[in-house]
Amino acid sequence: MIRTELFKLRTHRTPWMLLANLVAALVVAPIYYAIKEPAAANDVVETFVGVFGGVAPMLGTVLGGWIVGHEYRQGTLRRVIGNDARRTRLIATKGGVALAAMAGGLVAAAGVGARASAASGASFDGSIEWDGVVRDLLSGGVLTGVTASIAFSLSILFRSDTYGMLGALGIMVIVGPLLTLTPRVGKYTPSALGEDVSQWIAGADELVVSIVPASLGLAATRGALVVAATAAFQRRDV
C-alpha cells in the first residue's frame, strides 16, 4: 500500500507542480536582489523566510485536500477499497505517506531557497546572518502541516478535494482571524493555536496562549477532526 501511494505521488503532476511553485516562489526574491541590491544584506534572508512561511501553508493545503479528495472526484477510491477493505489502515497510510512526502518537499525547497539567497548575497558582497533561520523555517513547516492535515480531514468528510481545500483555508484564513475579534473564543481556534505553536518554535516570547495549553488545544481539535473523518470514511459508501 505504501508503494502504491509513493507511485501515485511520483506519477501525478499535482505534487510536482506544488513543489515547483514553492521553489519558484523562493528563488524570485534572491534573483531580484541579485539584480537590484537591497538596502540591507539580511533583507534577502528575511524575504526568503517570509515567503516560505506565507506560501508553504497555502500549497500544503492543496496537497492535503488532494491526497484523498481527487480519488473521490475520479472515482478510483472504490477500486482501492475493493483491493483492501481495511479503511482505517488505508487512510493512515495515505496520510502518513503524504506527510513524509510534504516534509521532504519542504526541506528540498528550503535548501534551494537558502542556496539561492546565499548566492544572491555573494553577488553583491553582502554579509548575511543565518541565525534563527532554521527555527523560522521549522515554524513555517509546522503551520504547513497543520493546514494540510485540516484539508486532508475535511476532504474525507466532504468527499471532495475542492471543499477540503476551501474548508481548510476558511478555518485558517477567514473564520479563525474573524473570531479573534472575540478573544475568549478566537484565541482557541485552530488558526490561533497553530500560530501560537508556530511562533513559539520561531522563538517568540509573547504568545496569546501559553505553549502548553496551545499545544494541547491544537492536538485536541486536530484529533477530533481526525476521529470524525475516520468514522465517516468507515461508514459511508464511497
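The values are calculated or read from the model by the stated rules, or taken from the named source; none is laboratory data. Keep in mind the model is a prediction, meaning the values are calculated, not measured. FYI the Cβ positions are ideal-geometry reconstructions off the backbone, even for glycines, and counts take in every protein chain you see.
Picking from residues in the stretch 131-140 that are over 17 Å from the mean Cα position of the chain (by Cα) and at pLDDT 90 or above, the one that is surrounded by the most Cβ atoms within 10 Å (Cβ to Cβ) is Val133. Condition check for Ala40 on (1) modelled with pLDDT of 90 or more; (2) aliphatic (A, V, I, L, M); (3) assigned to a loop (DSSP other than H, G, I, E, B): one failure, at (1).
Sub-8 Å Cβ pairs linking a first residue in the stretch 217-238 that is farther than 17 Å from Arg89 by Cα and of a type in the set (Gly, Ala, Ser) to a second residue that is assigned to a helix (DSSP H, G or I) and modelled with pLDDT under 95, at least 6 apart or interchain, are Gly217/Leu193, ordered by first then second residue. When Thr162 is tested against the conditions (1) touching a residue at least 40 places away in the same chain (Cβ under 8 Å); (2) surrounded by fewer than 18 Cβ atoms within 10 Å (Cβ to Cβ); (3) under 26 Å from Gly203 (Cα atoms), the lone failure is (3). Note on the stretch 205-233: residues that are within 18 Å of the chain's Cα centre (by Cα) and of a type in the set (Gly, Ala, Ser) total 3. For the stretch 178-202: of the residues being loosely packed, with under 11 Cβ neighbours inside 10 Å and not aliphatic (A, V, I, L, M), which is modelled with the highest pLDDT? My answer is Thr182. Only one of (1) modelled with pLDDT of 95 or more; (2) surrounded by 14 or more Cβ atoms within 10 Å (Cβ to Cβ) is not met by Leu216, so which one is it? With respect to (1) modelled with pLDDT of 95 or more; (2) surrounded by 14 or more Cβ atoms within 10 Å (Cβ to Cβ), Leu216 is out only on (2).
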